[in-house]
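Here is the structure we will look at.
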Amino acid sequence: MFISSPEKLIFLGTLLLCLFIGGLIVFVVIHRKRIILLEKDKINFERVFQLYLSEAVINSQENERKSIGNELHDEVGPLLTAVQLGLRSYLNREPNCNHSEIKSAINNLDLAINQVRNISHILHPAALENFGLNHAIEDFCNLINNTSACKISLGFDDYQIDLDPFRMLMLYRILQELVINAIKHGNAKSIHINIKTENDLLIVNILHNGICFTMQEYLDLLKNSDGLGLKNIQHRLNILNGNIAYADNRNLANQIIELRIPLASNF
Amino acid sequence: MLILSGVKINNIFLIYLLTGFELIFLIKYFSNLLENVRWIGSWKSLAILFLLLISTFAIKHPQAYINPNPQIIEGLYITFLCLLFFNKELKHPKYTNILIEPSFWFVVGFLFYYGCSLLILLSTNYFFEAEKFIYVWNIHNLLYLIKNIFLIVGLICLSRLQKS
């Protein structure tokens with residue numbers, strides 16, 4: 001026999017034990033690596049699932065807004081206009097009636113028609129579908145500038161931003177929310193929005209002279225606040241795979257909020 | 001050793017002493033490591049029995065020969081605890097890289113040495129008596145060296161972990 005003495009048997013036995021223990025250790029290491037990979041896959045799957053879910057919720061929200069906006073624009077708007085026209089013709093036909101009351105009603109109707117139009121534009125920015133992001137943002141800024149609550153200026157480094165309609169709408173909503181927040185909570189009187197593309201990123205800088213929170217405060221508010229505004233911004237940013245950066249010092253004369261959004265979808 | 005020579009006991013006693021202290025130290029270490037493992041309390045109680053057994057061997061055994069039984073008992077016991085550790089790792093894995101965990105390297109070192117040297121320890125007296133195949137102790141020393149290398153890797157991981 002090849003192995004004749006007990007010494008060799010012990011030697012061989014020890015060698016086998018070494019191999020067995022070595023194999024066991026390698027197995028444990030490989031098993032752990034596999035578990036980590038599976039966990040990563042699971043987390044990734046959950047993240048993508050959450051994003052799809054958020055996208056579906058936001059899509060249905062947008063569809064609802066669109067239908068309400070269209071109803072306001074196509075149904076309520078013409079009705080109010082018809083009432084206004086009726087009152088005007090009545091005013092022309094009956095010169096002896098009380099002018100001031102009718103004129104006040106016509107003026108109020110004028111305000112109501114404008115309000116309905118503005119609300120319908122905010123709910124469903126038709127300019128976004130028809131003319132693109134730049135035009136829709138310009139429309140929104142004009143709307144704010146007309147209220148004289150704040151002056152907004154715009155700067156585009158690219159004439160046409162190449163985003164798909166859904167991502168465009170998401171970005172538009174984020175900008176809307178940030179601008180309204182700056183005016184409402186930050187008392188900003190002057191805002192400058194700059195939009196540019198860098199490699200595959202869309203970079204939006206919002207510079208305003210109001211009060212703004214720091215990045216840490218933003219993260220704390222996201223966790224602890226009941227408000228929907230910031231949460232909606234973050235949801236939309238997650239869907240766009242983008243991020244937001246606030247200045248670290250809230251005592252600056254001008255605050256900058258920076259958005260970085262990939263031009264292409266990540267799904 | 002001076003004390004031992006003073007009371008006319010040879011240094012084989014030191015091996016028993018080392019085995020006893022080693023066992024106490026390793027039980028302490030593994031009881032922290034296997035905190036949530038079932039039956040660990042019973043295994044700790046069993047260790048006390050083993051310690052008593054080792055003490056008996058040390059006192060009763062003739063001083064002319066090495067009694068390898070304490071080391072074999074220690075080896076079997078530690079090997080079992082190491083396997084319990086791996087069983088725990090397989091059943092309830094953490095989602096971190098195992099290769100940066102100091103406890104992994106320590107257990108690998110203990111398992112490698114105590115598990116692999118069992119056969120050599122079992123045949124200690126045979127090798128001494130036969131006075132041949134004496135180079136088997138080189139294999140034992142190599143295993144001891146490997147254990148220490150793994151322990152050093154574990155210590156490096158520990159210091160890195162503390163730094164981070």
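Rolling a 1.4 Å probe across all protein chains gives A:Leu79 an accessible area of roughly 110 Å². Rounded to the nearest 500, what is the protein assembly as shown's calculated 222 nm mean residue ellipticity when only DSSP H runs of at least 4 contribute -39500 (n - 2.57) each, over all residues? Mean residue ellipticity, 222 nm, calculated: -23000 deg cm²/dmol. Rg/Rh for segment A:37-166 stands at 1.20; both radii use Cα atoms, and Rh follows the Kirkwood definition. Summarising the amide proton neighbourhood of A:Gly132: residues at separation of 5 or more, or on other chains, whose placed amide H is nearer than 5 Å comprise an empty set. Under 5 Å between amide hydrogens, built in the peptide plane, is the criterion, and for A:Lys151 it picks out A:Ser190, A:Ile191 among residues at least 5 positions away or on other chains. Remark: spin-label model distance B:Leu145-B:Ile59 equals 4.0 nm, labels positioned 7 Å along the Cα→Cβ axis. With both residues required to sit in the protein assembly as shown, DSSP beta bridges show an antiparallel share near 75%. For helix A:215-224, what angle does its Cα long axis make with the longest principal axis of chain A, in degrees from 0 to 90 and rounded to 10? Here the helix axis deviates by roughly 90 degrees.
A viscosity of 1.567 mPa s and a temperature of 4 °C, combined with the Kirkwood radius over Cα pairs in Stokes-Einstein, give a translational diffusion coefficient for the protein assembly as shown of 44 µm²/s. Site pair A:Asn187 and A:Asn199 shows an inter-label distance of 4.1 nm when each label is modelled 7 Å from Cα along Cα→Cβ. Per residue, the accessible area of chain A comes to 59 Å² when a 1.4 Å probe rolls over the protein heavy atoms. Connecting C-alpha atoms closer than 10 Å in a GNM of chain A, tell me which of A:Asn130, A:Asn232, A:Asn209 has the biggest fluctuation. The residue that fluctuates most here is A:Asn130. Pairs of Lys residues in segment A:140-263 are counted when their Cα atoms are under 19 angstrom apart and they lie 8 or more places apart or on different chains; the count is 4.
Please state the shape class of segment A:7-81: rounded when a/c is under 1.5, otherwise prolate if a/b exceeds b/c and oblate if not, all from the C-alpha gyration tensor. In terms of gyration-tensor shape, prolate. Could you tell me whether segment A:174-243 comes out rounded, prolate or oblate from its Cα gyration tensor? Rule is a ≥ b ≥ c as square roots of the eigenvalues, rounded for a/c under 1.5, then prolate if a/b exceeds b/c, otherwise oblate. In terms of gyration-tensor shape, oblate.
Exposed loop sites, defined as trypsin sites (Lys or Arg not before Pro) outside DSSP H, G, I, E and B with at most 16 other Cβ atoms within 10 Å, are absent from the longest region of chain B, namely B:39-93.
Assign one of three labels to segment B:19-164, namely rounded, prolate or oblate, based on the Cα gyration tensor with a ≥ b ≥ c the square roots of its eigenvalues; rounded applies when a/c is under 1.5, prolate when it is not and a/b is larger than b/c, and oblate otherwise. Oblate is the answer for segment B:19-164, as a/c is 1.5 or above yet b/c matches or exceeds a/b. Using a 1.4 angstrom probe on protein heavy atoms only, the contact between A and B buries about 2200 square angstrom of accessible area, both sides summed. Dividing the mean sequence gap of close Cα pairs (under 8 Å, 6+ apart) by how many residues chain A holds gives a relative contact order of 14 percent. Element breakdown for segment A:140-208 at a 1.4 angstrom probe: carbon and sulfur atoms account for 49% of the accessible area. Rounded to the nearest 10 degrees, the angle from helix A:133-147 to the longest Cα principal axis of chain A is 50 degrees. Measuring heavy-atom accessible area with a 1.4 angstrom probe and counting protein chains only, the residues of segment B:67-91 that give up at least 30 Å² relative to the chain alone are B:Phe86, B:Leu90.
With a cut-off of 17 Å on the backbone N, the residues of segment A:35-66 near the modelled label site 7 Å out from A:Asn130 along Cα-Cβ are A:66. In this label model, A:Val76 and A:Gln216 are separated by 4.4 nm, measuring between points 7 Å along each Cα→Cβ vector. Free of any GluC sites (Glu not before Pro) that DSSP assigns to a loop and that have at most 11 other C-beta atoms within 10 Å, the longest stretch within chain B is B:36-130.
Taking other residues whose beta carbon is less than 14 angstrom from the beta carbon of A:Cys150, and scoring Lys, Arg as +1 and Asp, Glu as -1, yields +3. In terms of Cα atoms, the Rg and Dmax of segment A:146-267 work out to 14.1, 41 Å.
The values are calculated or read from the model by the stated rules, or taken from the named source; none is laboratory data. What you see is a predicted model; the values in this text were computed from it and never measured. Methodologically, a virtual Cβ is constructed for each residue, glycine included, from the backbone with ideal geometry; neighbour enumeration extends over all protein chains shown. Side chains included, ligands, DNA and RNA excluded: accessible areas come from the protein's heavy atoms. Shrake-Rupley method; radii C 1.70, N 1.55, O 1.52, S 1.80 Å.
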